[in-house]
Amino acid sequence: MSGPLSSLKILDFSTLLPGPFASLLLADMGADVLRVESPSRMDLVRVLPPHDQGVSASHAYLNRNKRGIALDLKKPEAVQLVKQLVQDYDIVLEQFRPGVMDKLGVGYEALKAINPRLIYVSITGYGQTGPYKDRAGHDINYLALAGLASYTGRRDSGPLPLGIQAADIAGGSLHGVIGLLAAVVQRQVTGQGQQVDISMTDCAFSLHAMAGAGYLACGVEPAMENQPLNGGSFYDYYQSRDGRWFSVGSLEPQFMQQFCAALGRPELAARGLSLRPEDQQALKREIQNEFDKRDFADWCERFAALDACVEPVLSLAEAVEHPQLQARGVVTDVPRDSAEPQRQIACPIRFSAGLDTPRHIGVSVGAHTDQVLTELGYSIEQIAAWRDARVIA
C-alpha cells in the first residue's frame, strides 16, 4: 500500500456509519485499517438494503480497502489478542458508549499501559462526559439538541429531515479523522499518544459557523427563514413549471444582474440588495412567478451559459452523469470476488502524487482472521483451537 497515510495502522472497532466512514477515508489514503468485529453481534449495515449480489451496497462501500478480523471480546483470549495487536496497530477507533470498552478490558487506560504511543479515538453521540454521555441517540437527535434543526426548515412545515447524516458524517467522521491526524502529528513531536474524545453533538454544534457566531457575540437568534442563507432571502430554491427545482445563490450584485436578466426581469436585481424581510419575501414571489413560466429544460438551457450561481437540482442519477462530476472522477470501480467490479463513490480528496486504486469492497465477517493471526506468529493448530472455542471467527 502507498498513499500519504501508509505509515498508519488502525484497529477499527466501529460499526454503522460515523466510525466506518472515518476509517474509509483513512484506508483510501493508504492507512492499514484492520476492522475488529464481533462474530455474534452483526453490524446492522451488513443487512441494510439495497443489496448487490447479496451484499449490502452501503457495507461494501463503507468498508472497502479494510481487512477484517472477528473476535469475541468477552473471551479473555480475544482481549489478549487485541493487546498484542496494539503493539503494532497503535491507533484505535471505537464507537461504543462510554465505559463499554473499559468493561471489555480494551479501554484507553488498559491499552495505553501496553503502548504509550497509542492514539485512541472515541466517537460517541454526546462525548465521554456530561449528563447525556450514556444516552442513546441518532443523527436527527444530535442536530436537534445542537440547535441546528431550529432554523433549518420552513416556518409553515417545521424542521427538515436531511437526506444525509450531517451529524454522523460532518460531526463524527470528519472531526474524528481531523482529531486522529492531529494526535498523530503531536505524537511525532512528543512520542506520546492520547485519547481523542469526539462528540457528534459537540461537532454538530460547531457547524453553527455563521449563525452561532452572530448569536453568541450579538444575541441575534436564528430561526427558520430569518437568515439570508436559510430561506430568509431570495437565496433559495425555485420550482419550474413542470415541477423541477433550481438553486439560486446569486448573492453578489454582478451575479444577481445576470440572473434577473435571464429571467427577463432585470429591474428585480436592485431589489435583492434590500435587507427588509418583507422586501425579500416579495422578491421571492416575483422570482417564483417567472420560474412558473418555463419548464426545467428551458431554464437549464437559459442558465447554462451564465456564471451567476444558478444551478439545477439534480437527482443522484443525473449528478453521476454530470460532466463536472465525471471530469472529477467521483465514481470508481472497486474489485470484488465476482467478475464485475462494483461502482462506488471515489475518495474525494485529490493528491498530486495520486492514490492507489481501490483494492476491494467490504469483506465478510472475519475474512482475514487467519491471515492476521498467522502474521502474529500463531500456528494453524492454535488458530483452529480458538475457532473451536469461539474466540475467533
Debye, to nearest 20: dipole size of region 236-323, +1 on Lys, Arg Cβ, -1 on Asp, Glu Cβ: 260
Can you check what the net charge comes to around Asp28, using other residues whose Cβ is under 11 Å from the Cβ of Asp28 (Lys, Arg +1; Asp, Glu -1)? +2
With runs of 4+ DSSP H residues as the only contributors, calculate the mean residue ellipticity of the chain at 222 nm using -39,500 (n - 2.57) per run, divided by the residue total and rounded to the nearest 500. -10000 deg cm²/dmol
Apply the Karplus parameterisation 6.51 cos²θ - 1.76 cosθ + 1.60, with θ equal to phi minus 60°, to every residue of region 328-335 and state each ³J(HN,Hα) to the nearest whole Hz, in sequence, with x for glycine and proline. 7, x, 6, 10, 9, 9, 10, x
Under a point spin-label approximation (7 Å from Cα along Cα-to-Cβ), what is the Val189-Ser6 distance to one decimal in nm? 2.7
Below 27 Å, Cα to Cα, which lysines can Lys74 reach? Residues fewer than 8 away in the same chain don't count. Lys9, Lys66, Lys83, Lys103, Lys112, Lys133
Which whole-Hz ³J(HN,Hα) couplings does region 300-317 yield from phi under the Karplus relation 6.51 cos²θ - 1.76 cosθ + 1.60, θ = phi - 60°, glycine and proline marked x? 4, 5, 5, 8, 4, 8, 8, 10, 10, 6, 10, 9, x, 7, 9, 6, 4, 4
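Below 11 angstrom from the Cβ of Val391, what's the summed charge of the other residues (Lys, Arg +1; Asp, Glu -1)?
Values: positive: Lys74, Lys75, Arg387, Arg390; negative: Asp72, Glu77, Asp388.
Around Val391, the charge tally is +1.
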Let me know the charge dipole size of the chain about its Cα centre in debye, to the nearest 20, where only the beta-carbon of Lys, Arg (+1) and Asp, Glu (-1) is charged. 620
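Counting pairwise Cα distances across region 242-337, what percent come out greater than 23 angstrom?
Values: 1626 of 4560 pairs.
Roughly 36 percent, once rounded to a whole number.
Please give the peptides 220-226, 69-75, 30-36 ranked by average Cβ packing (other Cβ atoms within 10 Å per residue), highest first, as a rough proxy for protection.
Details: 220-226: 15.9, 69-75: 20.0, 30-36: 23.4.
Descending mean neighbour count gives 30-36, 69-75, 220-226.
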Net charge, Asp197 excluded, C-beta distance under 15 Å - Lys, Arg +1, Asp, Glu -1: -2
List the residues whose amide H sits under 5 Å from the amide H of Val331, counting only those 5 or more places along or on another chain, with H placed 1.01 Å from N in the peptide plane. Ala346
Please name whichever of Ser315, Gly264, Ala297 sits farthest to the positive end of the charge dipole of region 236-323, dipole taken about the Cα centre and charges placed at Cβ: Lys and Arg +1, Asp and Glu -1. Gly264
Label corresponding to log10 I(q)/I(0) by the Debye sum over Cα atoms at q = 0.06, 0.07, 0.08, 0.10 Å⁻¹ when calculated from the structure given, among (i) -0.21, -0.29, -0.38, -0.61; (ii) -0.41, -0.53, -0.65, -0.85; (iii) -0.32, -0.43, -0.55, -0.80: (iii)
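Bear in mind these aren't lab numbers, they're just calculated from the coordinates by the rules spelled out. What you are looking at is a predicted structure, and each value in this text was computed from that prediction instead of being measured. Heads up, the Cβs are rebuilt from the backbone with ideal geometry, glycines too, and the neighbour counts pull from every protein chain shown.
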